[in-house]
Every structure is written in structure tokens, then in C-alpha cells.
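To start, the structure under review is shown below, and the notes come after it.
The values are calculated or read from the model by the stated rules, or taken from the named source; none is laboratory data. Treat the numbers as computed from the prediction; the structure is a model and nothing was measured. Cβ placement follows ideal geometry from the backbone for every residue including glycine, while neighbour counts extend to all protein chains displayed. Just so you know, the surface numbers come from the protein's heavy atoms only, side chains and all, with ligands and any DNA or RNA stripped out. Shrake-Rupley method; radii C 1.70, N 1.55, O 1.52, S 1.80 Å.
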Amino acid sequence: MPTDYSPPSKSNLKRYLFATILPIIFLSLSLSVLLYDQIQLYSFTRAEIEGVHMIRFLYDELTDLQKIRGYSQISQWSQHEEINNRLQELKKNFLDRLNQPGRQSEITTFKLLPETEHLETRARQLFAIPPSRCEEKHLFASYSDLISEILQLMQLAADHSNLILDPELDTYYLIDVLDIQIPYLAEAIGRVRGIGSGLLAKKTITGKDRERLHNFQAAVQARIESIENAQKVIIKTSSELKKSLHLLPEHFDTFLTPLTNACLLIEENDNCPNISPEHFFTMATAAIDLLTTPYQTGILLLTSKLKTRQKKHLWQGAFIFLGTGLAILFLLFFNRSFYLYDQKLHREMEKLSITDQLTGLYNRRHFYTIFPLELRKNIRLDQQLYIGLLDVDFFKRYNDTYGHPEGDQVLRRMASVMNDVFQRAGDYCFRIGGEEFCFLFSEIDAKKAVDSANRLRLAIRNLGIDHQGNTPHGVVTVSIGLIQIPANLDCVLEEVMTKVDEALYRAKKKGRNQCVFTS
């Protein structure tokens with residue numbers, strides 16, 4: 001007997017797809033927003049890290065240009081071959097660093113190319129002028145303007161690399177110190193160095209000179225206070241840095257106090273005090289050089305914090321991505337499991353609705369469904385369709401003699417034999433009520449159809465089930481009525497059943513245990 005259950009309805013499949021795809025879409029969209037945020041934060045932090053590299057490079061250029069300005073100033077007081085050689089080396093390093101291939105790429109990335117080219121052009125023009133041919137005041141001012149351009153470039157780099165938008169308080173203040181406060185502190189000390197040593201070298205002081213010196217000294221103190229305040233804020237937000245964070249050099253006052261005292265002497269005396277310009281220059285240079293170590297330490301700390309944050313965004317993004325994938329897989333798995341379970345229940349319910357509970361054969365309801373389908377198929381394929389009606393001989397006597405449970409067992413065994421005989425695709429066996437069974441099959445001619453029916457009859461008799469009430473056979477036998485169904489789509493099932501029932505009746509009248517075929 002073929003397994004011929006109706007397929008799952010399309011509406012069930014649509015509901016399954018709707019219940020699966022719609023949540024997946026909403027889940028994917030929701031988590032995609034989170035993933036997009038992490039990608040944006042990762043890219044934001046990566047730009048910050050590149051920006052830190054840029055401002056570190058610019059700070060190196062700044063310190064080199066300050067040294068060039070200082071050495072140019074010294075070379076105006078006296079000619080020293082060693083200083084001149086050092087001056088040429090610094091100028092070459094300054095220009096070479098600007099033109100490094102990797103550096104040019106960073107400059108282009110942060111859209112600083114026009115400003116950098118302008119800086120390089122001015123630097124080349126200024127480097128080409130021998131210090132001895134230029135007035136000291138004019139030379140100092142020209143180099144100071146160039147340094148101001150570098151300070152502006154540092155702020156532009158921080159702007160274009162998102163550093164000024166940093167979302168965390170400790171790194172925000174650290175960026176402010178590294179990008180603005182320390183560079184401007186170094187330059188303020190450099191201005192004090194240049195003005196003070198120049199005045200000592202000239203031995204003449206004007207009121208305007210005193211005012212300029214005083215203003216830059218005040219700028220030095222203001223920058224120091226800003227750095228100290230920033231350090232306090234950073235330590236409050238990152239207490240683990242309390243012992244290790246030093247944004248100003250240790251014992252910085254030891255170096256700055258003599259310089260401050262010398263400046264006060266210059267400001268308070270109408271005549272220049274007896275301080276050599278070289279000594280004043282050396283004190284200021286030592287103070288500037290001290291800033292290098294905390295600056296580099298701050299850069300390393302900032303880079304480390306940004307890389308840690310970047311790694312966190314990377315892991316969070318990966319977690320969201322993998323979590324989304326797993327959530328979708330679980331959703332698909334469970335929905336598919338529920339769908340398959342639902343379809344299994346559907347098939348079982350369908351099977352129960354078309355199957356006879358006692359024998360496992362198809363029931364009368366399914367018989368009425370299959371008949372028109374098989375009729376159309378056989379007409380289309382030009383095949384002959386036959387129907388047989390089977391009845392157990394004297395089955396009431398069997399139940400009265402052996403009991404209904406034994407009678408049920410006989411019916412089960414008969415159903416098994418029917419399935420064994422009619423097992424091709426297109427063969428159907430039905431229990432249509434009590435001890436009556438029906439089988440529907442196609443054959444090439446009537447002789448073979450009768451042979452199939454007799455094969456079933458003999459197989460049941462050969463079971464040898466004892467039936468004393470079935471004389472003269474003494475075993476369970478069956479009578480079969482068989483007819484060929486007309487190849488006509490207008491064929492009425494009730495008429496067919498009437499004809500096959502008549503054939504069965506004749507089989508019983510002729511003595512039972514036989515098959516009667518009616519064309």
C-alpha cells in the first residue's frame with residue numbers, strides 16, 4: 001500500500017516562513033545598528049591613534065625647529081664650526097622627516113597637505129638665509145612664525161583625526177596636554193630663551209623688551225598650571241595612574257627657578273645683569289629638553305589607552321556579529337524543529353483521518369478521495385483500472401465461535417496479506433466497513449486482474465486460520481467480486497460499487513472462496 005498522504009498545506013509553510021524570516025529581519029536590523037556603531041567607534045579610535053602619531057611627529061619637528069632657531073641665534077653672537085654643522089644637520093633632518101613616504105600618506109589622510117607644503121616652502125626659504133646676514137630680531141621672529149604654524153598644524157591634526165572629540169574624560173585631558181599645553185609650554189620657554197639671551201647679548205634693554213619677556217614668563221606659568229590641573233583630573237578618573245603619571249618632569253622647578261630668577265634680574269635692572277647669554281640659553285634649553293620625556297611617556301600612555309579601547313570595540317563588534325549569527329541559527333533551528341514537529345503531527349493526523357484504526361488500511365473516506373484521482377490518471381495513461389470487493393466468509397460465525405478479539409486479529413492478518421499482494425505504486429487497499437475490504441489497482445488486461453485477485457484469495461486461505469463454521473473448508477476464506485471500471489470521467493462511484501457488490505454476491509452464491517469477475 002503506497003504512502004499517499006496529502007502534502008503539508010502552503011499556508012503552513014507561509015506561516016513558518018513568516019514566523020522565521022520576519023524575526024530574523026528585525027533581529028538583524030536591530031543588531032546591525034549595534035554592529036554599525038561598534039564599527040564606527042573602531043574607525044573613530046583608529047583615526048585617533050593615527051592622529052596621535054601625527055602630533056608626535058609634529059612635536060619632533062617643533063623641537064627641531066626650536067633648536068634650529070636657538071643655534072641660529074647663537075651663531076649670530078659668535079661663529080662656531082660645531083654649531084654650524086649641527087645647524088645644517090638639524091635643517092636636513094627637519095626637511096627629510098617632512099618628506100618621508102609614510103608621513104606624506106598621513107598628511108594626505110588628515111588633509112594637511114596644503115599647510116604642510118606651505119610650511120616646507122617657508123622653511124626652505126628661511127634655511128637658505130645665513131644667520132650672519134639677517135638681523136637677529138628679524139630671524140628670531142621668522143622662526144617663531146614658522147613654529148606657530150607647526151603648533152596650528154598640531155591642532156588641525158587633532159581636529160581632523162577626531163582627537164578633540166574623544167569621548168572619555170581622562171584621554172580628552174591627556175590629548176589637550178599633549179596637543180596644546182606641553183607644545184605651547186615648550187614654545188613659551190623657547191621664546192623666553194630667545195628674548196632673554198638676545199637681550200643679554202646686546203647688553204641693552206627697552207621697556208618693550210621687558211614687557212615681552214614678562215608676558216612669555218607668565219605664559220610659562222599659565223601652561224604649567226594647566227598641565228597640573230589636567231593631571232589631577234586624569235588621576236581622578238584613572239586612579240591607577242596616580243603613582244606613574246607625570247606630565248611635567250620631576251624636579252622641573254629645580255631647572256625653571258634659576259631661569260625665572262635670571263628673567264627677573266633682566267626685568268628689574270635698567271642695565272643687563274652680568275649673565276652670559278650662553279649660560280641663559282643653556283638653562284632654558286635644559287628646561288625644554290626635560291619636557292621630552294614626559295611628552296613621550298604621555299604619547300605612549302595615550303596610544304595604549306586608545307588601542308585598548310579599539311580592541312574593546314573590535315571584540316564587542318565580533319561578539320555582536322557572532323551573537324547575531326548564533327541567534328539566527330538558533331532561531332532557524334528551533335523554528336525548523338517546531339515546523340517539522342508540526343508537519344509530523346499534521347501527517348499523523350492526516351494518516352489517522354484516512355486510515356482504519358484496526359487494520360492500518362485506508363478507510364472509506366480516503367477511498368472516496370482516491371477513486372476519482374486514480375480514474376483520471378489511468379484514463380490519461382490509457383491504463384485499465386480494476387476494483388475488487390472482498391468479504392470474509394461467514395465472519396459472523398467466526399466472531400460468535402472465537403470471539404471478537406480473535407476476529408479483529410483475523411482482519412489485521414488479512415490486511416497484512418492485502419498489502420503484500422498489492423504493493424505497487426498505484427495499488428490501494430481499503431477497509432470500507434466490518435469484514436468488507438476493497439482494493440483498487442491497474443492491470444494490462446482482465447486475465448491478469450483476475451489472477452491478482454485470486455492470488456490474494458489463495459494467500460488468505462493459505463494462512464490456515466481455523467474456522468470451523470466455514471464448511472467445507474474449515475479455515476478462513478474470502479469471496480471476491482471484481483470488475484473493470486469504465487474509462488469514463490463521468491463514471492459514478494455509487495454505480496461502480498453496486499456492480500462490484502453484485503459480483504461479490506454471485507461469488508457467495510456460487511459457494512464462496514472464489515473470485516467472480518464482471519466486465
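Structural remarks
- Number of positions in segment 460-487 that are closer than 30 Å to D382 by Cα and either in contact (Cβ under 8 Å) with a residue 12 or more places away in the chain or open to solvent by less than 20 Å² (accessible area, probe 1.4 Å) (or both): 8
- Candidates A230, A201, filtered to the one that is small (G, A, S), under 23 Å from L65 (Cα atoms) and assigned to a helix (DSSP H, G or I): A201
- Test: residue in segment 231-248 that is farther than 20 Å from T285 by Cα, β-branched (V, I, T), touching a Lys or Arg at 6+ places or on another chain (Cβ under 8 Å) and open to solvent by less than 90 Å² (accessible area, probe 1.4 Å): yes
- Selection status of N454, in contact (Cβ under 8 Å) with a residue 60 or more places away in the chain and either within 60 Å of the chain's Cα centre (by Cα) or within 12 Å of V392 (Cα to Cα) (or both): no
- Residue satisfying all of: in segment 116-136; among the charged types (D, E, K, R) and open to solvent by less than 70 Å² (accessible area, probe 1.4 Å); farthest from Q88 (Cα to Cα) among these: E136
- When we screen L17, L95 for residues that are without any contact (Cβ under 8 Å) to a residue 12 or more places away in the chain, open to solvent by 10 Å² or more (accessible area, probe 1.4 Å) and of a type in the set (A, V, I, L, M, F, W, C), the only hit is L17.
- Pair list, Cβ < 7 Å and 6+ apart or interchain, from segment 249-265 residues that are more than 13 Å from T285 (Cβ to Cβ) to residues that are assigned to a helix (DSSP H, G or I) and among the hydroxyl-bearing types (S, T, Y): P249/T293
- You will find that of S30, S43, S75, the residue that is out of contact with any Lys or Arg (no Cβ under 8 Å at 6 or more places or on another chain), surrounded by 15 or more Cβ atoms within 10 Å (Cβ to Cβ) and modelled with pLDDT of 75 or more is S75 and no other.
- Tabulated pairs, segment 279-308, first in contact (Cβ under 8 Å) with a residue 40 or more places away in the chain, second of a type in the set (K, R) and open to solvent by less than 60 Å² (accessible area, probe 1.4 Å), C-beta under 7 angstrom, 6+ apart or interchain: F281/R193; A284/R193; T285/R193
- Of the listed requirements (1) open to solvent by less than 80 Å² (accessible area, probe 1.4 Å); (2) among the acidic types (D, E); (3) within 23 Å of F371 (Cβ to Cβ), E502 misses just one: (1).
- Once segment 48-107 is narrowed to residues that are of a type in the set (A, V, I, L, M, F, W, C) and farther than 19 Å from E149 by Cα, the residue that is nearest to the chain's Cα centre (by Cα) is I49.
- Enumeration of residues in segment 427-470 that are in a strand (DSSP E or B) and among the hydrophobic types (A, V, I, L, M, F, W, C): C429, F430, I432, F437, C438, F439, L440, F441
Rundown of residues vs (1) basic (K, R); (2) open to solvent by 10 Å² or more (accessible area, probe 1.4 Å), yes/no style:
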{"position": "L178", "(1), (2)": "no, no"}
{"position": "Y184", "(1), (2)": "no, yes"}
{"position": "G190", "(1), (2)": "no, no"}
{"position": "G196", "(1), (2)": "no, no"}
{"position": "A201", "(1), (2)": "no, yes"}
{"position": "T206", "(1), (2)": "no, yes"}
{"position": "R210", "(1), (2)": "yes, yes"}
{"position": "H214", "(1), (2)": "no, yes"}
{"position": "Q221", "(1), (2)": "no, yes"}
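- Listed conditions (1) on the phi > 0 side of the Ramachandran plot; (2) open to solvent by 50 Å² or more (accessible area, probe 1.4 Å) are all met by G511, apart from (2).
A quick yes/no check of all residues on (1) open to solvent by 70 Å² or more (accessible area, probe 1.4 Å); (2) at pLDDT below 80; (3) of a type in the set (V, I, T):
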site	(1), (2), (3)
F252	no, no, no
T260	no, no, yes
N271	yes, yes, no
P277	no, no, no
A286	no, no, no
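- All positions within segment 488-499 that are surrounded by 12 or more Cβ atoms within 10 Å (Cβ to Cβ) and touching a residue at least 40 places away in the same chain (Cβ under 8 Å): C491, L493, V496, M497
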